[in-house]
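Asks: Here it is, the structure in full.
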Amino acid sequence: MLDISYHRSLASMNTFRIDVSCACLVEYDSIADLLELETETLPKPIMHIGRGSNLLFTDDFRGTVVHSCIDLMEILDRNVRIYADCSRDYGEVFGEDDVLVSAGAGTVFDELCAWTAGMGLWGLENLSLIPGEVGAAAVQNIGAYGVEVGDIVRYVYCYDLLEEEIVRFDKKILAYSYRDSVFKHEGFKGRYFVTHVVLKLSRSYRPQLDYGHVRKAVEETGKPVTPDLVRSVIIGIRKDKLPDPLEIGNAGSFFKNPVVSEEVFENIRKKYGADVPGFHLDDGRVKVPAAWLIEKCGWKGKKSGNVGVYDKQPLVIVNITGKAFPEEIISLERRITESVRKEFSIILEPEVEHIY
Ligand code: EPU
């Protein structure tokens, strides 16, 4: 299926539910469709999106929005093809309990989490219920509760718009870091469409429970610790404090957690007390929860026209009425950033990608 249509609303294609349009929308569900696509005839720029769960369209988009409907999940036979490829290219030897799983870019990420956890495979359970699709997850290195998808990705297959061919990138080239990958940078951005992501999961017991109250919540169930159990605990935690985009428009965390010097952090502690939260990084700097900074500036639960700061997690900006204009979100973002800058001398950076 290669579906090309013009002047389409994007309201259902971004979780903020901003009602903007695009000049052209392309949807496809196979690599063969992509190879058939005549990109030179499409309005420019061309932008690939997933479920739009980390995007803020600031206006109508004058170019082409491309969306993958490649929706499949399979276990790869590592001993035949993939295993041979890996050991030749990178000298990696997979353990007996490792399982390689491939998912199409258009697969709903949480469906992949449910499927793999259901099979007893460890790796994705902490990432349960994050909105979005597999392709976008691999581009922006989604993360939650101490796990990032970049820890688990082995390869990413892409369509190269320039050379019009399919290429495979090893994880080493993807340069994963906090909500970042090579796909977000010059040279890669706009050039590659992710088609499939290959993840390395494990049958061996390896729960990651050291974030916040996860371990306590898991222990309180009194049940044997399985990927499915951890998944259900994570889903419970997320549902308690993050708004469901199906009920109220939002794009998850709006800001990144800033990283500051030890000195800046100590100054904040002098003013606010020793229990200011902060995570010490290996390089001596400290990651401070943006949620805490925003809350201290009095924004938690504040409303402004159609938009507001979510009352249970101030890192999330919500489209309360479903009728928000992009300008309202941007104005709220500016006011929050400004007050955090004034109070703490810290510049918050958005996590949500702004599309101009
Ligand atoms: N906090 C407050 N007030 C609040 C909520 C949190 O002060 O109302 C402080 C607390 O000190 C808390 C700390 O913020 O200990 C961290 O909060 P939380 O564990 O909820 O995580 P976060 O840093 O706010 C990050 C991700 C989330 C992810 C959670 C859980 C970023 C920008 N956000 O949020 O990701 O779900 O950790 O791992 O890294 C997303 O990417 O859209 C997203 C929701």
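The values are calculated or read from the model by the stated rules, or taken from the named source; none is laboratory data. Computed from a predicted structure; not experimentally measured. Glycine also receives a Cβ, built like all others from the backbone with ideal geometry; neighbour counts cover every protein chain displayed.
Asks: Would it be correct to say that Lys312 is within 13 Å of the ligand (Cβ to nearest atom), modelled with pLDDT of 95 or more, more than 18 Å from Ile347 (Cα to Cα) and not β-branched (Val, Ile, Thr)?
Replies: yes
Asks: Whether any residue in segment 247-260 is crowded, with 18+ Cβ neighbours inside 10 Å, over 30 Å from Ile49 (Cβ atoms) and free of Cβ contacts under 8 Å to residues at least 60 places away in the same chain is what I want to check.
Replies: no
Asks: Being of a type outside the set (S, T, N, Q) and not in a loop (DSSP other than H, G, I, E, B) is the filter; apply it to segment 299-320 and report the residue that is surrounded by the fewest Cβ atoms within 10 Å (Cβ to Cβ).
Replies: Residue satisfying both the conditions and the ranking: Lys303.
Asks: Identify the residue in segment 263-298 that is in a helix (DSSP H, G or I) and touching a strand residue (DSSP E or B) at 6+ places or on another chain (Cβ under 6 Å) and, among all such residues, is farthest from the ligand (Cβ to nearest atom).
Replies: So, considering only residues that are in a helix (DSSP H, G or I) and touching a strand residue (DSSP E or B) at 6+ places or on another chain (Cβ under 6 Å), the one farthest from the ligand (Cβ to nearest atom) is Phe265.
Asks: For segment 178-193, what are the residues that are away from the ligand (no atom under 16 Å from the Cβ) and assigned to a loop (DSSP other than H, G, I, E, B)?
Replies: Across segment 178-193, the qualifying residues are His185, Glu186, Gly187, Phe188, Lys189, Gly190, Arg191.
Asks: Shifting gears a bit: Pairs under 6 Å by beta carbon, first residue of a type in the set (Gly, Ala, Ser) in segment 180-209, partner in a loop (DSSP other than H, G, I, E, B) and modelled with pLDDT of 95 or more, six or more apart or different chains?
Replies: Qualifying pairs under 6 Å: Ser181/Asn141.
Asks: From the set of residues in segment 220-251 that are in a loop (DSSP other than H, G, I, E, B) and either charged (D, E, K, R) or touching a Ser or Thr at 6+ places or on another chain (Cβ under 8 Å) (or both), which is farthest from the ligand (Cβ to nearest atom)?
Replies: Per the criteria, the residue is Lys223.
Asks: For segment 252-262, name all the residues that are of a type in the set (Ser, Thr, Tyr) and within 9 Å of the ligand (Cβ to nearest atom).
Replies: Ser253, the sole residue that qualifies.
Asks: Mind counting the residues in segment 52-73 that are over 15 Å from Cys22 (Cα atoms) and assigned to a loop (DSSP other than H, G, I, E, B)?
Replies: 6
Asks: Right, something else. Sort through His67, His48 and tell me the only one that's surrounded by 14 or more Cβ atoms within 10 Å (Cβ to Cβ), within 18 Å of Pro245 (Cβ to Cβ), at pLDDT 95 or above and not polar (S, T, N, Q).
Replies: Numbers: His48 fails: within 18 Å of Pro245 (Cβ to Cβ).
Matching residue, one of His67, His48: His67.
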